[in-house]
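Data first, discussion second: the structure below is written as structure tokens.
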Amino acid sequence: MKKRALVTGASRGIGAATARALAADGWEVNINYFQSEAQALALGRELGARVFRADVADAGQVQAMFDDMGPVELLVNNAGIAWGGLITDMTEAEWDRIFAVNVGGIFHCVKCALPHMIHIKHGIIINTSSVLMKAGGSCEAAYTATKGAVEGLTRSLARELGPSGIRVNAVAPGCIETDMLKSFTREELDATAEQAALGRNGGPEDVARVTALLASDACQFVTGAIVPADGGLIL
Ligand code: NAP
């Protein structure tokens, strides 16, 4: 029987590339999306994967998704949103929402995935941080703070769940040219590329390959790690 995976936020960008990479590695992939239904359904057809709509920030919707989908052995917490601007311009609602999606989403999915993983004493959880967690980001303070929480969750859950045979790691993407960066100009993106040791920004596949590696048996002794996929942007 194929091992089952859920990738959250897999309708577009890094999540969609991750779903493709895991399917290529033999995983039975389940696709979660929130708003981009047409893209999620198209990817589902491409991969022969089941597709589930759920706002990961909503515990009830996540529970309903798991009830419908069934258990998974691999959970990739990729869904995330950004917010750019001065902290003084951010509303309470915007602050609450970014934490609800980027951190609360992981909490909800982990809670639903764990009973099966603990029962079989095996499981893999891969969260998504950001290079900004180390670098800091002007006008991205709240987003960066959520990624700090993601890294704390990752290390703590690695310790809490290691005795149950569950590995918990995170990937920390650098500048990856997806919709998330569409507010940046070409010139700004090129300037960031110049700062990377490899002299370029990444594509979604550059992150997906790292996540697939973390999910593989090659990494069966790796847990609590925050693995950069940033072309040497932060060294
Ligand atoms: P993206 O292109 O904007 O895609 C975001 C994905 O998350 C979409 O599939 C979206 O689904 C999903 N999503 C958003 N809110 C959701 C919610 N409430 N419930 C379920 N799904 C939700 O972003 P990306 O660049 O691929 O980013 C993916 C992850 O990498 C995020 O965690 C992001 O913080 C992280 N990251 C990205 C970069 C970068 O440079 N791009 C760098 C560092 C870290 P719908 O469209 O269906 O709503």
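Before moving on, here are some points about what is shown:
- Of all residue pairs spaced 6 or more apart or on separate chains, those with beta-carbon atoms under 7 Å, a first member in segment 206-235 that is open to solvent by less than 20 Å² (accessible area, probe 1.4 Å) and a second member that is assigned to a loop (DSSP other than H, G, I, E, B) and β-branched (V, I, T) are L214/V222.
- Of all the criteria given as (1) farther than 20 Å from F34 by Cα; (2) touching an Asp or Glu at 6+ places or on another chain (Cβ under 9 Å), the one not satisfied by C112 is (1).
- Looking only at residues of segment 168-187 that are within 6 Å of the ligand (Cβ to nearest atom) and part of a helix (DSSP H, G or I), we find that the one that is surrounded by the most Cβ atoms within 10 Å (Cβ to Cβ) is M180.
- Residues in segment 76-87 that are surrounded by fewer than 24 Cβ atoms within 10 Å (Cβ to Cβ) and of a type outside the set (V, I, T) were compared, and the one that is farthest from the ligand (Cβ to nearest atom) is L86.
- Flag for D206 being touching a strand residue (DSSP E or B) at 6+ places or on another chain (Cβ under 6 Å), acidic (D, E) and within 12 Å of the ligand (Cβ to nearest atom): yes
Let's see how each residue does on (1) within 15 Å of the ligand (Cβ to nearest atom); (2) buried (at least 16 other Cβ atoms within 10 Å of the Cβ):
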{"position": "A16", "(1), (2)": "yes, yes"}
{"position": "I31", "(1), (2)": "yes, yes"}
{"position": "A42", "(1), (2)": "yes, no"}
{"position": "A54", "(1), (2)": "yes, yes"}
{"position": "E73", "(1), (2)": "no, yes"}
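- Residue within segment 86-99 that is among the charged types (D, E, K, R) and touching a residue at least 40 places away in the same chain (Cβ under 8 Å) present: yes
- Here A59 meets the list (1) crowded, with 22+ Cβ neighbours inside 10 Å; (2) within 13 Å of the ligand (Cβ to nearest atom) almost entirely, failing just condition (1).
- Of the residues making up segment 1-24, those that are of a type outside the set (G, A, S) and under 22 Å from H116 (Cα atoms) are M1, K2, K3, R4, L6, V7, T8, L22.
- Leading residue by the ranking (least open to solvent (accessible area, probe 1.4 Å)) among those in segment 191-205 that are in a helix (DSSP H, G or I) and under 30 Å from S156 (Cα atoms): P204
- When segment 153-173 is filtered for residues that are among the small types (G, A, S), more than 15 Å from the chain's Cα centre (by Cα) and under 28 Å from A82 (Cβ atoms), the ones remaining, listed by number, are S156, A158.
- Test: residue in segment 166-175 that is without any contact (Cβ under 8 Å) to a residue 40 or more places away in the chain and either among the small types (G, A, S) or over 20 Å from S11 (Cα atoms) (or both): no
The values are calculated or read from the model by the stated rules, or taken from the named source; none is laboratory data. What you see is a predicted model, and the numbers here were worked out from it, not measured in a lab. Virtual Cβ from ideal backbone geometry, glycine too; neighbours counted across all protein chains shown. Side chains included, ligands, DNA and RNA excluded: accessible areas come from the protein's heavy atoms. Shrake-Rupley method; radii C 1.70, N 1.55, O 1.52, S 1.80 Å.
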